[in-house]
Each structure stands twice: as structure tokens, then as C-alpha cells.
There are 2 protein chains.
Amino acid sequence: MTIKAPATVGMAIEDVDTPCLLIDLDSFERNVEIMGQFTKEKGLRLRAHAKTHKSSDIAIYQIEKGGACGVCCQKVSEAEALVGGGVRDVLISNQVVAPKKIERLAALATRARMLVCVDGLGNIGDLSAAAESSGAIIECLVEIEVGGNRCGVEPGEPAVRLAKAADAASGLRFSGLQAYQGSAQHIHDFTERKAAIDAAVSVVARTVDMLQAEGLHCDIVAGAGTGTGTYYFESASGVYTELQCGSYIFMDADYQSVLDDTGKGIGEFENSLFIYTSVMSKARVGKAVCDAGLKALSVDSGPPVIFDRDDVTYLEPSDEHGLIDDPGNVLTLNEKLMLIFGHCDPTVNLYDWFVCVRNGRVEALWPVTARGMCL
Amino acid sequence: MTIKAPATVGMAIEDVDTPCLLIDLDSFERNVEIMGQFTKEKGLRLRAHAKTHKSSDIAIYQIEKGGACGVCCQKVSEAEALVGGGVRDVLISNQVVAPKKIERLAALATRARMLVCVDGLGNIGDLSAAAESSGAIIECLVEIEVGGNRCGVEPGEPAVRLAKAADAASGLRFSGLQAYQGSAQHIHDFTERKAAIDAAVSVVARTVDMLQAEGLHCDIVAGAGTGTGTYYFESASGVYTELQCGSYIFMDADYQSVLDDTGKGIGEFENSLFIYTSVMSKARVGKAVCDAGLKALSVDSGPPVIFDRDDVTYLEPSDEHGLIDDPGNVLTLNEKLMLIFGHCDPTVNLYDWFVCVRNGRVEALWPVTARGMCL
């Protein structure tokens, strides 16, 4: 089945069908501009994370207008969609270990610059064999565990061993380190967050030095930051060379609640992505029900917030409904609301279309190119 | 982009790509058979809820082999997908209030028997106008609030007023009541759950009697139960005539934890749906990482359970990873695991394909026909 778009270009925003993803283009473009400027001033590369948007339109925009050198993604199938959409420099910031997936990665490497993370010796051998047989080069970043509590080997010696193996393997190139301190992104307190990143930076620096002593240069030291909250620590570290920010283009409620050193919210990026929803029941006094529930937004970081309204509150989702507290009974049937949701990446993955609006009209429809691509 | 299937028919289960949805056909067929027998013995109609599977293959199977009279769904776009797939009797167990959606519902009613829930007078007028102009009949169930804490008018007089309006409106037919006690489905204690359903049954019975006294017969009294846990109360009530069970075909971890009157788990249905996942990193001692995270399963009802393994535990998801506790370091790279997830409906909605297996081989690939259809 083809998924019908919820809007047509030129349509007034009030006529857009719901629930859907709505991009405020002015805010989106400002977010892209700010991060592009920031990385340029710091002399860093920006490799924007496409796991956030899964869209080749947005990836190309980030590269052409927002100073990005390329993108990251997490899955081979996402990389296929992005390369198919015209992106020519893609890091799969993840391990690719299944034989069939390795074959597909090697095939992609004949069409675009492809990089991948490694954290095991056997995997390096498998990647090398596939690269050799496709005649392409696959670039490898050795992933080190720096508090992300996920993939990656220990920094120091274990990382050096893998780097040497990648450097020696035919068909592969050792290009540097992946050192993503994922969990620090969501530490809301400034001092604790800085301490977490400082600890990561110090072990990364030591590993870079050990590699250098072996004649292995890290062109890329990556993984720093995402949306907001940490990327300015890593950019000031003198160690990281590539930022992998993703959520900065959209923001979400959880990143928005991260605090700066004065205890205030970090304000450089604006919410540019919303769920557009309609009131579909006003049968009960003091309550309303909207058409966006668990299949329209991810609640792993908490329920959504209703944008620009302090008179009504989204209470809880069920599969296809959102229960709204409406103490003043101000909402009316078919009234539209904009929701800021807790976590943008898994929410975007639910939709096939971004409806892009400016000045109250639909200006563009962008497909979520890699929606559902988890292989 | 078309989403590639993770398997081909005839493939050995070990060769299926991950993460994906896996149906154990033997268990699935037994579940369908048991519910079909149960409703037949009780003299009730089964209107299986297609919001769970969003698949016209499964809907047709439930009707042809599992005794269902038709299906429910929650969205007009789902109904379009199901009618397009050959289903001829569909209740949208939800309100349809947006003008364009009402038009599409009226168009569907020219191709299939279409029923919808109503909880407002204005909506009845809008549905009537659209039905008249399409020349079709739309059947209406008046939805009453019986503890679901969502849509629906109060039982008694408010319901009677709406029923009279639907009965009088041209193009519409009053067909009965929708009375879904959604929240009781997940009360894990038997006595509390029975009390919640008994309270609902009593107000439903009173409303049916009041309608009868006005000459309005309820052919359908529906909404009873889902997966398990409550449907046997409603079926014994003598009031409900149609069961809307959905999750019984698959089961999930949350329904599986509902207890019977002896304090034991309710055992009539088997887990037949799994996330198939692979170990993609074994870089750290005592831990493993699999390829199924927040974009591969919904965690609104808690993290998944690893099927048939007591030596390893799924700890927590990130967007594309699942962190696994592996204290004995027994897992190996590319090893496959089956996950029972907390909540089947929003998880199924993440995928385009069901991979159906029997005796270790892929027997069929069923598209998730209405995946992502939320309009």
C-alpha cells in the first residue's frame, strides 16, 4: 500500500489532515544555519545524524546549506535509502556484522564514500573480505566505550589492537575513532553533564595519543553530541574533529529540558517539528480526545506537550487517542493542536511524510525516505 | 521507497534478516481456533479487532477460518486498506468527525458494510449528509463511557438522545451500542478486573433497556474485551452480543501477565508473535547488544522479554540497540533471539512485513497492509 500524503502543496495549514508531522520551515532553517555557523567557527566538521529525520531531502539540505560534510545513519537499509537519494558520504555509526548486511555495505561502497564502526576483530576480517570482493574501500572507525553503555571496546590498548588490524586489512582504511557518550546527552544538570563529557574526552585523548605513537593518525574523532547539551563541550575539547548532531534540526521536549550552567533551558535551537492533531471527541465535560496516540508519537521520554497553550494539557495516550485535560471546556470538535513530543527519532519513524509549512501554507512535502528501514 | 521483505518464502528461519516480526503459524492458528470456538459456543458474534494486526490477510483468515463476522479498526485509512484487501464488514470503533474523513467513510459504505461510533449530535448530522450524498447507508453505534476514560457519552439518557437522532437521520441506521471498558483489560488482579467489568455491564444493560422502551433495538452491543482477561465476563453477561478481541491472535507480555481467579496467568492463548533479533556486538564482558531498540518495538508497556531463555535478559533499548545482560557470556555474534514485547499493536505498526514460520521455515510473507495508516 502507498501511504497517501496528509496534505498537498499550497494547502492552508488548517486543511492538513491529522495526525501528521509538521515542519515549521523558518525554525528548521534557522536551526540548520546556527549549527552550520557554529561548526564552521570552531573549525570542525559536521556529520549530521540522519537517524533523526531518515530523509534524503533533509540530508541534502544539511550538506548543501548547513555546512555538513556528510551524514551518519544506523542501519545499512538507511544508508541504501540515503545513497539512493543522492548522499555521497555516509557513516553507519554502528556495527554491521551480519554477512548479508556486510555484502550490501560493500556494494554501497562502490557508489559512495562509506564508513562504518567496528568493535571486534572477526568483524574486521569479514568487512575486509567483502570490500576486497567488491573492489571498494570501506573506512573503519574503531568504536570505544566512553559511557554510552552500548557497543564499543575499552579505550586504550583494546582500541589500538583493532585499529592496527583495520589498518592492515586489505579493502579497509582506518579513519579514526567513534566515541559517542550517548547517555550524557540527557543529563539535565549542567555540572554532571560536563563531568561526564570531560571524563569521556580524557580517555579519548589518551587513545588518540597511543594511536599516534603507533603511527596511526585519527582523521576522524567522532560521536560528539547530538541535539544539544553536550556538543559545545566536545567542540571545545581539541580532540573531537567531527560532530554527529542530529536532533538540533527539530529539537524535542526531552532535549529542550536540558539545562545550561545558570540552570536555564538551552535556547539556541527552536522546536521546528510538531505532531499536528485534531480534537475528535468533546463528549465529556472537562476532557477532550485528540487523534494522536501511541501510533502517532513515541512516549519513551514522556507524554507530549501542547505547543503554545497553557489552558489545556495532554494527559495520556492510548493506541489511537490522546486524552486531553480541558478544564475550561475551551476546545471544539476538529480544532487543531500542535504537539511537541518527547523523543523525535522514534516518532519520525512512524510517518511517511513531513508536511513543511511557512506562513500558514504547505510549501513542500518531503518523504521520510528511510521510514521503517531497520535492517 | 518500497520496504524490502526480510525473508523469502522457503528460507530457513536462521537466514531471516533482523529485526523483524515473526509469526509462529501453529500458535497463531491455535489462537484463532480457540476464540472462534469460544464465541460460537457462547452464541456471540466475534468482530476481531484489526488495529492489532493491520493486515487484510489476517482479517480474511479470521473471517474465513476463525468465525469472525467482520473486523473493527480505528481509522478511515485502515478501513480503506482492509476493504481494498477484500473485507466486506468493517466497524470503525472510533469517532470520524473531520469533513474529509466523513466523505471517505461514506465512499467506503458504497463498497462494504460500514459501521462507525458516534458520541455527538453534530457528528450525526454530518454523517447523515455524507451518507445521503453517496447513496449509501452508514450504521451507527452510540458510544457510551463505561470506564474507558476516552470517547463516549454518559450511559442512560444522553445515549438515548443520540440513538434517537441516528435512528431518525436519513442515510444512517442505529445499530446499537459501543461500550468498551478499555482500562479493565490491563487490571492484573482477577477480583478488581471482574468488579470493573460488572459495573460496566450493569450500566450497559440499563441503557439497552431504556432504548428498548423507546422502540430502539440494539442489534449490536459491542466493545467487550480484547486479548484476554475480560472477554469471558462480557460473554457471560447476557448483554453484549459482539466481542471485539484483537490481541488474542498474538498475545503480548502485558496481557500475558493478567491473572485468573486462582492467581495464575491466563493460559488459553499462546505467544505467536515475536521480534526476531540478532546479537550485533559482544565487545564487553557480561553484556551483549542486539539490533532491536525503540524503532523495532514499543516499550510503553515495559521492555521486552527474551523468549525461552533464562540465562540472558533484555535490559534497555536505545533507538536502534537493545542492551542485554549476559552474565555467563553465552551469547555469540549474529546469534538470533526471539523477543516477546510489551504491547503488540504499536509494535506491529513499525513493520511492513509479517514473516510467517512453521517447522523452522518461512511459509508466507504477509504485508502489514495498513502500517502507518493513522489518518
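Relative contact order, percent, of the range A:1-135 when contacts are C-alpha pairs under 8 Å separated by at least 6 residues?
Relative CO of the range A:1-135 lands at 16 percent.
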Select from B:Arg161, B:Arg284, B:Arg206 the residue whose mean-square fluctuation is largest in a Gaussian network model of chain B (Cα-Cα springs shorter than 10 Å).
B:Arg284
Connecting every pair of Cα atoms under 10 Å apart in chain A and solving the GNM, the largest mean-square fluctuation among A:Ala106, A:Ala168, A:Ala81 falls on A:Ala168
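How many square angstrom of accessible surface are buried between B and A, both sides summed, with a 1.4 Å probe and rounding to 100?
By this definition, chains B and A bury close to 5300 Å².
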Farthest positive-ward along the range A:114-232 dipole, Cα basis, beta-carbon charges - from A:Val160, A:Leu121, A:Ile144:
A:Ile144
Give me the percent of accessible area attributable to carbon and sulfur for chain A, probe 1.4 angstrom.
51
Pop out a list of residues from the range A:97-132 that are at least 40 Å² less accessible with all the protein chains around than in their chain alone; 1.4 Å probe, no ligands or nucleic acids counted.
A:Val97, A:Lys100, A:Lys101
Where the centre of each part is set by its Cα atoms, how far does the range B:125-151 sit from the range A:1-71, in angstrom?
39
In the range B:353-375, which residues give up 20 Å² or more of accessible area once the other protein chains are added, compared with their chain alone (1.4 Å probe)?
B:Thr369, B:Arg371, B:Gly372, B:Met373, B:Cys374, B:Leu375
Computed helical MRE - 222 nm, chain B, DSSP H runs ≥ 4 contributing -39500 (n - 2.57), nearest 500
-9000 deg cm²/dmol
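Given +1 on the Cβ of Lys and Arg, -1 on the Cβ of Asp and Glu, and no further charges, what dipole in debye does chain A carry about its Cα centre, rounded to the nearest 20?
With Lys and Arg at +1 and Asp and Glu at -1, about 840 debye.
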Taking 30 Å as R0, compute the FRET efficiency from the Cβ-Cβ separation of A:Val330 and A:Asp26 and round it to 0.05.
0.65
Quick check on my link table: of B:Lys51/B:Lys287; B:Lys4/B:Lys75; A:Lys65/B:Lys287; A:Lys65/B:Lys295; A:Lys282/B:Lys51; A:Lys164/B:Lys295, which ones sit more than 31 Å apart, alpha carbon to alpha carbon?
B:Lys51/B:Lys287; A:Lys65/B:Lys287; A:Lys164/B:Lys295
Which of the lysines could be linked to B:Lys194 by a straight reach, that is with a Cα gap under 16 Å, when you skip same-chain ones fewer than 8 residues away?
B:Lys264
Rounded to 10°, Cα long-axis angle of helix B:190-213 versus longest principal axis of chain B:
20
Dipole of chain B [Lys/Arg +1, Asp/Glu -1 at C-beta], most positive-end residue of B:Thr277, B:Ala179, B:Ile60
B:Ile60
Top mean-square fluctuation among A:Tyr61, A:Tyr231, A:Tyr240, Gaussian network model of chain A, C-alpha springs under 10 Å?
A:Tyr61
For the range A:1-78, take the convex hull of the Cα atoms, compute a quarter of its surface area, and give me that in nm², please.
6.8
Which three extents, in angstrom, do the Cα atoms of the protein assembly as shown have along their principal axes, listed largest first?
91, 58, 43
Before I look further, what does chain B give for accessible area per residue, probe 1.4 Å, in whole square angstrom?
34
Shielding by other protein chains, B:12-18, mean Cβ within 10 Å
2
Considering Cα pairs under 8 angstrom that are at least six residues apart, work out the relative contact order of chain A and quote it in whole percent.
21
Mind checking the mean number of beta-carbon atoms from other chains within 10 Å of the Cβ atoms in A:280-291?
6
Going from most exposed to least, what order do A:Arg104, A:Arg371 have by accessible area with a 1.4 Å probe?
A:Arg104, A:Arg371
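The values are calculated or read from the model by the stated rules, or taken from the named source; none is laboratory data. Fair warning: this is a prediction, and the values are worked out from it, not measured in the lab. Positions of Cβ are backbone-derived with ideal geometry, glycine not excepted, and every protein chain shown enters the neighbour counts. Keep in mind that these areas ignore ligands, DNA and RNA; they rest on the heavy atoms of the full protein, side chains included. Shrake-Rupley method; radii C 1.70, N 1.55, O 1.52, S 1.80 Å.
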